[in-house]
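Colleague: Structure in structure tokens, see below.
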Amino acid sequence: MGNNNKPSFCMGCPLYEEPLVKSENTNIPADVWLVGEAPGETEVMQGRPFVGRAGQLLRTTLSQIGWNYKVMITNAVLCHPPGNRTPTVKEINYCKWHLTKLKEVMPPPKLIIALGSTAAKALDIPHNKFDDVRGKIFKTQYGNV
């Protein structure tokens with residue numbers, strides 16, 4: 001997929017040549033945003049976020065508990081880091097554009113769920129480790145996390 005359909009301001013990002021996986025359900029007024037880390041190899045192959053092992057577990061769990069909220073699913077970083085490594089702060093910062101765009105085109109969600117430290121960094125939640133923020137609510141420019 002390479003750099004197809006990427007904004008020109010992404011050109012300086014270290015992940016510019018890597019495959020991009022778009023957010024899912026951006027055309028509905030979502031009650032909840034789920035924000036993960038970055039797409040893995042399975043997500044790249046299927047072109048959808050959260051379809052790998054962790055995503056399957058998340059989707060199955062939500063189904064089992066009777067989750068009936070409208071959900072928009074995205075990642076902090078839309079491009080696949082080689083070797084499924086954790087995105088760098090530079091890569092996270094380059095990719096914040098898509099969260100800003102989502103905020104502009106979608107009604108504010110009732111809740112944003114940050115699925116890990118990378119997502120918390122992208123949402124500008126200050127922390128040293130994810131345990132510092134786990135289970136707490138934060139007001140951000142994107143909505144309550």
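The values are calculated or read from the model by the stated rules, or taken from the named source; none is laboratory data. Please read these numbers as outputs of a predicted model, since none were measured by experiment. Positions of Cβ are generated from backbone atoms using ideal geometry, with glycine treated the same way; all protein chains shown enter the neighbour counts. Protein only, heavy atoms only, side chains kept; ligands, DNA and RNA dropped before computing areas. Shrake-Rupley method; radii C 1.70, N 1.55, O 1.52, S 1.80 Å.
Colleague: Of the DSSP beta bridges with both residues in the chain, give the percent that are antiparallel, rounding to the nearest 5.
Modeller: If I count the DSSP bridges inside the chain, around 25 percent turn out antiparallel.
Colleague: Counting heavy atoms of the protein chains only and a 1.4 Å probe, report the per residue accessible area for the chain as a whole number of Å².
Modeller: Values: 8080 Å² over 145 residues.
On a per-residue basis, 56 Å².
Colleague: For the stretch 45-145, state what percent of all Cα-Cα pairs lands in each successive 10 Å bin, counting from 0 Å until the bin that includes the largest distance.
Modeller: 13, 44, 39, 5
Colleague: Moving on. Round to a whole number: what % of the accessible area of the stretch 34-141 belongs to carbon and sulfur, probe 1.4 Å?
Modeller: 54 percent
Colleague: On a straight-distance basis, which aspartates and glutamates could pair with LYS90 in a cross-link, Cα separation under 16 angstrom, same-chain partners fewer than 8 positions away excluded?
Modeller: Those aspartates and glutamates meeting the cut-off are GLU17, GLU18, GLU37, ASP124.
Colleague: By the gyration tensor of its Cα atoms, with a ≥ b ≥ c the square roots of the eigenvalues, what is the shape of the stretch 80-128: rounded for a/c under 1.5, prolate for a/b over b/c, or oblate?
Modeller: prolate
Colleague: Something else now. Express the relative contact order of the chain as a whole percentage, based on alpha carbon pairs under 8 Å and six or more residues apart in sequence.
Modeller: 29 percent
Colleague: Eight or more residues apart or on different chains, and alpha-carbon atoms under 14 Å: count the Lys pairs in the stretch 94-145 matching that.
Modeller: Lysine pairs satisfying the spacing and distance rule in the stretch 94-145 number 5.
Colleague: Another one. Between GLN56 and THR26, what length in nm is gained on full extension when 0.36 nm per residue of separation is reduced by their alpha carbon distance? The partial results should precede the final answer.
Modeller: Details: separation 30, 0.36 × 30 = 10.80 nm, distance 1.97 nm.
8.8 nm is the gain from fully extending GLN56 to THR26.
Colleague: Do the sum for the chain: with -39,500 (n - 2.57) for every DSSP H run of n ≥ 4, divided by all residues, what is the mean residue ellipticity at 222 nm, to the nearest 500 deg cm²/dmol?
Modeller: -7500 deg cm²/dmol
Colleague: Only Lys, Arg, Asp and Glu count, each charged at its Cβ (+1, +1, -1, -1), so figure out the dipole size of the stretch 36-88 about its Cα centre, rounded to 20 debye.
Modeller: Here the size comes out at about 120 debye.
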